[in-house]
Amino acid sequence: MIATKLKNGPSTPSVTEHAPSAESIQLESGKLYRSGEVKILVLDDDPHICRLIQAAFAGYDFLIDIQSDTRRAEEQLAAQQYHLILLDYVLPGLDSAQVMEWIRLYQPDVSVIVITAYPSIDSALHCLRSHTFDYLTKPFQVEQLKRTVTRCLESRGLLRLSEEALREQLGAVIRARRKALGLTLADMAQRSSVSLGYLSQIELGKNSASIETLYRIALGLGIRLGDLFQSVQSSP
């Protein structure tokens, strides 16, 4: 569903489309899948920015509302629940603190990414106290925004790595850690009691490893199993 409402112009009726099941949806990156419906609100008085953000996520199967008429900001926030709001911090005719209060009132579980052309220490601190996910400045790079949105949705469990991507990242983390320790594959095989060929396949992301195998690998690398998975989550 993309509801486009441009400032000083008539509203385009919302168009609702039935999204396919979460299991069948793959994002354009080829690495992430939606684990459920994702609803995003773009609240910015600049219609160009709204259209830019809408276009940036066109291939992501998100349900996006864009609202550039600041007079309808509260109405839009009260209309339905969102998972993420991309918020212009300075909206003509509105007080930023009031908008944040509306968000707390109408959207208690939403994540907020602030985008502003007027960055300041005061606004950054206000956003920090309001527990916004991130604070971006205009002009922003589209790829930077996409990375930030992806991180936010991943942190909420709304996006997940494909099995293939998870294997690749896990293998890359293991390989990087092994090389940092100055260990060969043969050294690692001896430390972990995992065959050299199997280790090679795991590092290349060609084979899935059981928890028991990953535990032995983690011990061989001198880290905890939880640290291994944490490294995967922190990978770009």
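Miscellaneous remarks
- Under 13 Å, Cβ to Cβ, from Ala218 - net charge with Lys/Arg +1 and Asp/Glu -1: +3
- Rounded to the nearest 0.05, the FRET efficiency derived from the C-beta distance between Ala124 and Leu196 at R0 = 45 Å is 0.30.
- A Cβ-based charge dipole, computed about the Cα centre of segment 119-236 with Lys and Arg at +1 and Asp and Glu at -1, lands at about 80 debye.
- Other residues within the sphere of radius under 12 Å centred on the Cβ of Leu199, judged by their own Cβ, net out at +3 (K and R +1, D and E -1).
- Annotation: amide H of Leu32 within the under-5 Å range of Leu27, Ser162, sequence separation 5 or more or interchain, hydrogens built in the peptide plane.
- Tilt relative to the chain, helix 47-56 - C-alpha long axis, 0 to 90 degrees, to 10: 20
- Only alpha carbons enter this Debye calculation for the chain, each as an equal point scatterer, and the log10 of I(q)/I(0) it gives at q = 0.07 Å⁻¹ is -0.32.
- Scaled radius of gyration (Cα, divided by 2.2 N^0.38 Å) that segment 43-159 gives: 0.98
- Helix 96-106 vs. the chain, principal-axis angle (Cα, 0 to 90°, nearest 10): 70
- Point-charge dipole on Cβ atoms (K/R +1, D/E -1) for the chain, about Cα centre, debye to 20: 880
- Net length available on complete extension from Ser210 to Leu225 is 4.2 nm, with 0.36 nm assigned per residue and the Cα-Cα distance removed.
- In this label model, Val90 and Ala78 are separated by 2.8 nm, measuring between points 7 Å along each Cα→Cβ vector.
- Among Ser111, Leu181, Cys152 - extreme Cα towards positive end, dipole of the chain, charges at beta-carbon: Leu181
Bear in mind these aren't lab numbers, they're just calculated from the coordinates by the rules spelled out. Source: prediction; values computed, not measured. Quick reminder, even Gly has a Cβ in these numbers, built from the backbone with ideal geometry, and neighbours come from all protein chains shown.
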